[in-house]
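I have placed the structure first, in the form of structure tokens, so that the comments after it can refer back to it.
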Amino acid sequence: MRRKSLISTEVFDVKRLLDQVALVTGASSGIGSGVALCLAQEGAKVIVNYASSQKGADAVVAEIKEQGGDAISIQADISQEDQVLNLFAKTYEAYGTIDILINNAGLQKDQPFTEMTLEAWNKVIDVNLTGQFLCAREAAKEFIKRGVVPGRSCSAGKIICMSSVHEVIPWAGHCNYAASKGGVMLLMKSMAQELAPHKIRVNSIGPGAIKTPINKEAWDTPAAEESLLSLIPYNRVGESNDIGKAAVWLASDESEYVHGVTLFVDGGMTLYPGFATGG
Ligand code: BGC
């Protein structure tokens, strides 16, 4: 039994993504693994993409299978065009098509601006922005070629870009990361404008501070967590599951008319919390 109706006491067993194929990039840990698990729980067949941690990816696949779901792992560095082509070829070999792309893989290489190396700049832009472009382009080609499959989803395909609160909040010491996420915002919106006539939905999720390895030092001591909470009006650090639940909704037909937006899932981090007592 999965969901209780709010209007009656009847209990439905609804799997919102039944038989849809979902590719989650960077799904061997962090937000990606949480999203992969949530999509699988809603009936999606999941490709758990990873760049280097096969162990992490295999653990996510095993967990999905334990829960009665269907998943495989595929290695690919999504910043490399040939590897992206191979990732999609293997996806079609395994499951025939794709319905949902979660453009999640991302990383940080934080450095003070005047000390930032070109290498740190390029690496972050390559993975966080170019990687999203390459994967979205391949997914969009398949969505256009195949079109809407009646009974599976109202849309020909769904692309969800994992952005960040830092697509709108400037972030000193993280210029490469903030620039990549600002880029993702207009990549997402421009794709949304261009692909809508094909019934392809494109949106982003903008996570705030979510407890994952990428920001461990920001929450793994009581002092760090207290300081982080001062930036979160809802007064709780997020969990991967918070993002997974949002991804399920955005990928499902429940959000069919939602297109070209960033859904911030951030406990209010984008609300300028300093102004609660200042200004
Ligand atoms: C970053 C995290 C950070 C959060 C809020 C995310 O996009 O990856 O490191 O904690 O934004 O600042």
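The values are calculated or read from the model by the stated rules, or taken from the named source; none is laboratory data. Only a predicted model underlies this, so the values are computations on that prediction, with no experimental measurement involved. Cβ coordinates were reconstructed from backbone atoms using ideal geometry, including for glycine residues, and neighbour counts include every protein chain displayed. The protein model used for the area step is the full one, side chains on, heavy atoms only, and it has no ligands, DNA or RNA in it. Shrake-Rupley method; radii C 1.70, N 1.55, O 1.52, S 1.80 Å.
On a full-extension model of 0.36 nm per residue, what is the gain between N241 and S52, subtracting their alpha-carbon distance, rounded to one decimal in nm?
Full extension from N241 to S52 adds 65.8 nm.
Need one number: nm distance between label points at Q75 and W121, each 7 Å from Cα along Cα→Cβ, rounded to one decimal.
3.2
What's the carbon and sulfur percent of region 21-275's accessible surface, probe 1.4 angstrom, rounded to a whole number? Kindly include the intermediate steps, with their values, before the conclusion.
Details: 6340 of 11330 Å².
Roughly 56 percent, rounded to a whole number.
Can you list the lysines whose alpha carbon sits under 18 Å from that of K216, skipping same-chain ones fewer than 8 residues off?
Cα-Cα hits under 18 Å: K109.
Just to be sure I understand the curve: with the Debye formula and one point per C-alpha of the chain, what is log10 I(q)/I(0) at q = 0.12 Å⁻¹?
Evaluating at q = 0.12 Å⁻¹ gives log10 I(q)/I(0) of -0.73.
Determine ³J(HN,Hα), in whole Hz, for all residues of region 132-148 in sequence, where each value follows from phi through the Karplus function 6.51 cos²θ - 1.76 cosθ + 1.60 and θ = phi - 60°; x replaces Gly and Pro.
Values, residue by residue: 5, 4, 4, 5, 5, 4, 5, 5, 4, 4, 5, 4, 5, 4, 8, x, 6 Hz.
For region 119-218, what is the accessible area per residue in Å², given a 1.4 Å probe and the full set of protein chains?
On the way: 4030 Å² over 100 residues.
Heavy-atom SASA per residue in region 119-218 reads 40 Å².
Can you tell me the 0 to 90 degree angle between the C-alpha axis of helix 54-66 and the longest principal axis of the chain, rounded to 10?
Computed tilt is about 50 degrees.
Amide H neighbours of V21 under 5 Å, at least 5 residues apart or on other chains, H built in the peptide plane: list them.
Those lying under 5 Å, H to H, from V21 are K45, D99, I100.
So if we plug the beta-carbon distance of E254 and S227 into 1/(1 + (r/R0)^6) with R0 = 35 Å, what FRET efficiency do we get, rounded to 0.05?
Computed FRET efficiency for E254 and S227: 0.45.
For K45, go through the aspartates and glutamates and keep the ones whose alpha-carbon is under 16 Å away, minus same-chain ones fewer than eight residues off.
D19, D58, E63, E66, D70, E93, D99
Take the residue pairs K65/K181; K90/K123; K65/K90; K90/K141; K158/K245 and return only those whose Cα atoms are more than 23 Å apart.
Too far apart for the 23 Å limit: K65/K181; K90/K123.
Using only the Cα atoms of region 152-203, each taken as one equal point scatterer with no solvent, compute I(q) by the Debye sum, divide by I(0), and report log10 of the ratio at q = 0.13, 0.20 Å⁻¹.
-0.37, -0.67
Kirkwood hydrodynamic radius for region 130-222: how many Å is it when counted over pairs of different Cα atoms?
One over the average 1/r among Cα pairs gives 14.8 Å for region 130-222.
How large are Rg and Dmax for region 173-224 when only the alpha carbon atoms are used, in Å?
Rg and Dmax of region 173-224, Cα atoms, are 15.8, 50 Å.
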